[in-house]
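Worksheet: the structure to be examined is printed underneath.
The values are calculated or read from the model by the stated rules, or taken from the named source; none is laboratory data. All of these numbers come straight from a predicted model, not from anything done at the bench. Cβ coordinates were reconstructed from backbone atoms using ideal geometry, including for glycine residues, and neighbour counts include every protein chain displayed. Remember, those area values only see protein heavy atoms, side chains included, never the ligands or the DNA or RNA. Shrake-Rupley method; radii C 1.70, N 1.55, O 1.52, S 1.80 Å.
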Amino acid sequence: MNDLVRPTVLTGSRPLEECGDRGAAGAVPSHTVERPVQTNAEGGVAIGRRRLLVAGLTLAGFLGLMIPAVAILAADGLGALDVVMLLAFALAAPWTVLGLVNAAIGFAIARLARDPFAAVAPFAAAGDAETPIRGRIAVFMTLRNEDAARAIRRLAIVRDSLAATGEGGAFDWYVLSDTSDPAIAAREESEVAAWRAAAGPGARIVYRRRAHNVGYKAGNVRDFLERWGARYDLMLPLDADSLMSGAEIVRMTRIMEAHPEIGILQSLVVGAPAASGFARIFQFGMRQGMRPYTLGAAWWTGDCGPYWGHNALVRVAPFREHCRLPTLSGRGPLAGAVLSHDQIEAVLMRRAGWEVRVLPREGGSWEDNPPTFLDFSKRDLRWCQGNLQYLHPTLIGMRGLPPTSRLQLVSAIMMFAAVPAMTLILALAPVIAATTDPARFPVGAALSFYAAFLALSLAPRALGVLDVALTPGGMAAYGGRRRFLASAAIEFVFSAFLGAAASLRLTLFILGLAFGRTTVWNGQARDAHGLAWPDAARGLWTTTAFGVGMMGLVLVLVPAAWPVALVMCAGYLLAIPFAVLTAEPAFGRALARAGLCAIPEEIAPPPEIAALARAEVSPKGGARAGLAPSRVAA
């Protein structure tokens, strides 16, 4: 009890029955953790061949990039700077190639398979069976200094949606708070109390707050497991911005009950409709890229799928026994508690013999995206620090991991390690160009190579756009052909500016990690809001300075290349106005009025999205009436 605030009806570690709730229907489940029988839905030989094919395609793509890169740089002899650039490119290229391979496979399956979803996830057919749910499931939302009204509103909608399925009796509800701000904590208690009162007698809703967020989010979940985990067969973690449909949760539960070998079942989480212009454009592009990418990745990763820490069903007993996270030894920002806990928990679950699966299909699972570039960048820096912790020998060197699971950790590292590598390449380009013999250096080939690599990095989203365009009714779901194609064009320009603006901040942050710099894991701004010019300038002046410096180098060293350099540096030079414009509420409203960068849930809202929209304009509160995220340290 010493890590809890005062125990009341809503806060405390007492059993559900003592809080006015009933626990499990009947006896508490008996959780004996035995290694599951492996069904190998894809077949061991088949999945092995798929993985070999992906490895071969990725290697071929990597060599297909490295060989011409070496040829171009060696045209007038390889110098020290050429070697550094090649090493940086060798670090950056694999992530781009693997992304293209996944998306290309997903696109091929989407276009050629009679039922793409069934071809990749045959186990999911169990979700369509009209079988009653047998087990007990805990649904919990983890909070830390968030807008309480906003978060509880979403959780209440999920509960109502589940009740409408007729299976709501199998689910209990928890709000697990790590909030450190007393005012926000008081608001949380008030919101949960109001929710319980509205839900009526017998509502199984529990609020628990820890006084210290030991272990961060993973520690919050571990505390829940130690206190209440023995009651439940499955758990459904939700973030403060999560929203799910009851029908999707019931489908996932039926899959888990029909397939006891599955330890984690991850839904495909997509962005919910957004008022912010930045979030609208970002999630439109993410949806196009994620759909073919996830379908292709699921085809070959199979039982070694991803876990994103929320909007997923987790089998409680093996997770509690096998997914306890270590504390990383040493000092500095990469030591201590594991921050990006989800993928580590996934590989630990797989190592213990349980499958980790993803449902590569959109529908019934949503989250919010950051409303401004600076909010996006703060989230990116947190993820970067967490993923780079995987470099710690305790994690990357874990014994007994399947090769695919270890590759997932390497990929998570490469996703961020590639960023400073590409920044270094850009910084070296004018210097190398100035020190080469113009008569011997193949300028045309170098520019073509750069354009080809840029096209490869954009290819996953392009394939997603093409898939929608080729699907009957696909573009209509986004508001029609003209709006969809115009939105795709807007997003491609947006992504070029976003990539440049984000890359330098990530590069500087990664360099800072070596000197002990760290970031704060805390509540996030999730609703649309404007960004003042001084705030944007404080956050992005280094990015603009980098662009100015690059252009200065080009004008001094290779002045004839200034038009190409201007295109390459535009994202850096215009980072501040880009951040301000895309955060401007009027810009978001203009996009919405024009129907640009809309998503299917905006055109034809599902009941949960419609309920959320009604609640957010209710005079009784909502996001505008809630408290803004606290700035206190985590």
Taking the dipole of the chain about the Cα centre (Lys, Arg +1; Asp, Glu -1; charges at Cβ), the one of Ala592, Leu463, Leu388 that reaches farthest to the positive side is Leu388
Dipole size in debye (nearest 20) for the chain around its Cα centre, Lys and Arg Cβ +1, Asp and Glu Cβ -1?
200 debye
Place a +1 charge on the Cβ of each Lys and Arg in segment 117-179 and a -1 charge on the Cβ of each Asp and Glu, then give the dipole magnitude about the Cα centre in debye, rounded to the nearest 20.
120 debye
Could you tell me how far the Cα centroid of segment 580-611 sits from the Cα centroid of segment 460-523, in Å?
16 Å
At 1.567 mPa s and 4 °C, Stokes diffusion of segment 429-524 via Kirkwood alpha-carbon radius, µm² per second
74 µm²/s
Pop out the ³J(HN,Hα) list for segment 200-209 in order, Karplus 6.51 cos²θ - 1.76 cosθ + 1.60 with θ = phi - 60°, rounded to Hz; leave Gly and Pro as x.
x, x, x, 5, 8, 10, 10, 10, 9, 10
Using +1 at the Cβ of each Lys and Arg and -1 at the Cβ of each Asp and Glu in segment 73-134, identify which of Pro122, Ile105, Gly79 lies farthest towards the dipole's positive end.
Pro122
Expressed in square angstrom to the nearest 10, the accessible area of Asp115 with a 1.4 Å probe stands at 80 Å²
With every protein chain kept in the model, how would you rank His310, His259 by accessible area, 1.4 Å probe, largest at the top?
His259, His310
Counting DSSP beta bridges in the chain, what percent are antiparallel, to the nearest 5?
25 percent
Most positive-pole-ward Cα, Leu504, Ile205, Gly330, against dipole of the chain from beta carbon charges:
Gly330
Using only protein heavy atoms and a 1.4 Å probe, report how much of Val214 is accessible, in Å² to the nearest 10.
100 Å²
In degrees, nearest ten, helix 443-470 long axis to first principal axis of the chain (Cα)
30 degrees
Spin-label zone in segment 80-109 - amide nitrogen under 19 Å from a point set 7 Å from the Cα of Tyr450 along the C-beta vector:
81-93
Sticking with the crude label model, points 7 Å out along Cα→Cβ, report the distance from Ala46 to Phe515 in nm, one decimal please.
5.4 nm
Can you tell me the alpha carbon radius of gyration of the chain divided by the globular rule-of-thumb value 2.2 N^0.38 Å?
0.98
Along principal axes, Cα extents of segment 75-148, largest first, whole Å
71, 47, 21
Determine by what factor the alpha-carbon radius of gyration of segment 216-311 differs from 2.2 N^0.38 Å, reporting the quotient.
1.25
Using alpha carbons only, how many degrees (0 to 90, rounded to 10) separate the axis of helix 585-594 from the longest principal axis of the chain?
90 degrees
Apply 1/(1 + (r/R0)^6) to the Cβ-Cβ distance of Ala90 and His529, taking R0 = 45 Å, and write down the FRET efficiency to the nearest 0.05.
0.65
In sequence order, calculated HN-Hα J values of segment 331-342 (Karplus, 6.51, -1.76, 1.60; Hz; x Gly/Pro)
10, x, x, 9, 10, x, 5, 6, 8, 7, 6, 4
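Using the crude model of +1 on Lys and Arg Cβ and -1 on Asp and Glu Cβ, and no other charge, please compute the dipole size for segment 36-173 relative to its Cα centre, in debye to 20.
220 debye
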